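Participant: Structure in structure tokens, see below.
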Amino acid sequence: MHSTVVRAQNVFGFFTTVAFVVAALIAFSDVLAPRTPTSSVIVKDVQTVLGRPHYYSTKKEEYAVIRFSLTADLSSLFNWNTKQVFVYVSASWPNATSTELVNEAVIWDTIITSPSADHLANIGPAAMKKLVRSAKGKSVDPSRGKLDLKNQKAKYQITAPKGKVAQTNDVVLSLHYNVQPWVGVLTWTPQVDFGRWKKIKGGVSKKFKFPALKVKKVEEKKAKA
């Protein structure tokens with residue numbers, strides 16, 4: 001006769017095995033769900049300004065301030081196993097010291113939760129009620145994951161290790177995402193099509209340039225004198 005402890009261990013082991021198999025099937029089912037995101041990124045305004053990296057710094061660095069417009073349909077990323085999607089826009093440009101390296105910096109980001117994870121969102125009561133109401137009677141709200149930003153100011157300014165970004169050429173803005181599932185591994189923006197998962201259609205702006213610093217009129221007068 002097995003003791004009570006042995007029986008409890010057997011039951012727990014069987015339960016763990018079943019839970020692991022079910023979780024693996026749920027995670028694998030993500031591959032069967034199509035992902036067909038589309039996006040358009042348009043640069044509206046770019047400025048290069050001088051600023052200090054922190055309050056006590058005496059050395060000034062060059063920062064690029066960008067405004068952009070973004071339309072994106074990421075609704076296909078939401079299914080039964082999606083907890084939330086982290087979306088971000090990055091600026092990238094060639095590295096001056098190596099042709100194989102690329103400088104890249106995130107300028108804007110946001111988190112879009114699924115209906116079953118709205119309680120995790122850091123939003124106010126009115127917005128929370130709207131999300132809950134929009135999800136009633138639906139597995140996933142069709143408007144979930146659709147972005148429409150007009151003349152959006154970047155959350156983060158851009159600089160470089162050397163503190164110089166003015167007159168940098170071949171800069172592009174790109175949209176990226178990271179899907180966090182309830183069960184399974186994190187998945188990032190695919191660079192190539194993978195089965196039913198397609199890379200973002202669009203999602204990259206036209207090339208632009210960080211402009212030169214604006215010289216103040218006082219400095220111009222001194223230079224002429």
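Participant: Which one is right for this structure if semi-axes √(5λ) of the Cα gyration tensor in Å is calculated from it: (1) 29, 22, 15; (2) 23, 22, 20; (3) 46, 21, 19?
Facilitator: (3)
Participant: Here is a further query. Sorted by mean Cβ packing within 10 Å, highest first, what order do the peptides 44-53, 28-37 take? List each step's numbers first, then the result.
Facilitator: Numbers: 44-53: 13.7, 28-37: 15.6.
Answer by packing, highest mean first, reads 28-37, 44-53.
Participant: Compute a Gaussian network model of the chain, connecting alpha carbons closer than 10 Å, and tell me which residue from ALA19, ALA91, ALA166 fluctuates the most.
Facilitator: Residue with maximal mean-square fluctuation among ALA19, ALA91, ALA166: ALA19.
Participant: Which value, in Å², gives the accessible area per residue of the chain when a 1.4 Å probe is used on the protein heavy atoms?
Facilitator: Values: 15010 Å² over 225 residues.
Result: 67 Å² of accessible area for each residue.
Participant: Which order do the peptides 5-14, 189-198 come out in when sorted by mean C-beta neighbours inside 10 angstrom, highest first?
Facilitator: On the way: 5-14: 10.3, 189-198: 12.6.
Highest mean packing first, the order is 189-198, 5-14.
Participant: Per the 1.4 Å probe, what fraction of the accessible area of the chain, in percent, lies on carbon and sulfur atoms? If you can, show how the numbers build up before the last one.
Facilitator: On the way: 8890 of 15010 Å².
The value for the chain is 59 percent carbon and sulfur by accessible area.
Participant: Once both axes come from the Cα atoms, what is the angle between helix 4-32 and the longest principal axis of the chain, in degrees from 0 to 90, rounded to 10?
Facilitator: 50 degrees
Participant: Here's a follow-up. Take the residue pairs LYS164/LYS206; LYS44/LYS206; LYS60/LYS155; LYS44/LYS209 and return only those whose Cα atoms are more than 18 Å apart.
Facilitator: In this structure, LYS164/LYS206; LYS60/LYS155 lie more than 18 Å apart at Cα.
The values are calculated or read from the model by the stated rules, or taken from the named source; none is laboratory data. This one's a predicted model, so the numbers in the text were calculated from it and none came from an experiment. Quick reminder, even Gly has a Cβ in these numbers, built from the backbone with ideal geometry, and neighbours come from all protein chains shown. Surface areas here come from the heavy atoms of the whole protein model, side chains and all, with no ligands, DNA or RNA. Shrake-Rupley method; radii C 1.70, N 1.55, O 1.52, S 1.80 Å.
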